[in-house]
Amino acid sequence: MTARRHPSDETLMAWAAGNLAAGPRLVVAIHLDGCRRCREAVGRFEAVGGALLDASEPATMADGAFDALMARIDAEANASDATSPEPRRPDREAPTTPDGLPLPARLARHNVGRWRRLGPVLSWSRVDVAGAPDANVVLLRIPAAGAAPRHGHTGREFTQVLVGGFSDGRDAYVAGDFDEADENVDHRPVVDADGECICIAAVEGRLRIHGIGRLLQPFIGL
């Protein structure tokens, strides 16, 4: 399915420059795997960055700088699986939901935890991002016509729709779409009536959950 909603240019530029944290970087990479438009945009940003490097004045390197750089590359090799828009062949089979729905093949490189229920409609699973123990990434599953708690944000939230769709008063999103929310967004995602919705989300900071839903926050860790 062709995506209608995409990461912002600022986010794609940060991805191309390697400046996104591991959690958002993984979610953006999953979007890129299925979105030719955004892969082409990343290619353009990378080309601009390369041209700027070519035009810059060379600087004298300190003794041992090259060896230090290679050591850093080796040290970060285990976290490099989220840096390419085209996924390499995974070492493990792609994960699925407990009832067999396929999840993105890229998640085979990471640990997808046990699915848990929170309240009558929300199910969730934590994704442990390889090489980034502090990343805050979860899979969320809500049935048709269900809703997530109304919430705001203390940082940015990056969401990729994997199955189904939802609306939140700002826009409507379907499978393949990407949503970004920041400190200025307060919303209540409501799933479409014709089927369930599964998303993957990375959160910087914390959610500000309103009402009784805030009682769930310690359990999901967002």
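The values are calculated or read from the model by the stated rules, or taken from the named source; none is laboratory data. As the structure is a computational prediction, the values presented were derived from the model and not from experiment. Positions of Cβ are backbone-derived with ideal geometry, glycine not excepted, and every protein chain shown enters the neighbour counts. These accessible areas exclude ligands, DNA and RNA; they are computed on the full protein's heavy atoms, side chains included. Shrake-Rupley method; radii C 1.70, N 1.55, O 1.52, S 1.80 Å.
Below are the figures for this structure:
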item	result
Members of segment 117-129 that are in contact with a Leu (Cβ under 9 Å, 6 or more places away or on another chain) and either in contact (Cβ under 8 Å) with a residue 40 or more places away in the chain or in a loop (DSSP other than H, G, I, E, B) (or both)	118, 119, 122, 124, 126, 127, 129
Yes/no for residue 106 being surrounded by fewer than 19 Cβ atoms within 10 Å (Cβ to Cβ) and modelled with pLDDT of 80 or more	no
Residue satisfying condition, being among the small types (Gly, Ala, Ser) and under 21 Å from residue 5 (Cβ atoms), within set 119, 131, 152	152
Every pair of residues 6+ apart whose Cβ atoms lie under 8 Å, when the first sits in segment 29-46 and is surrounded by fewer than 19 Cβ atoms within 10 Å (Cβ to Cβ) while the second is outside any helix (DSSP H, G or I) and at pLDDT 95 or above	33/104; 34/176; 37/6
Candidate set from segment 6-17 (those that are within 14 Å of the chain's Cα centre (by Cα) and open to solvent by 20 Å² or more (accessible area, probe 1.4 Å)); member that is farthest from residue 38 (Cα to Cα)	14
Filter result for residue 183 (surrounded by 14 or more Cβ atoms within 10 Å (Cβ to Cβ), closer than 21 Å to residue 5 by Cβ and charged (D, E, K, R))	no
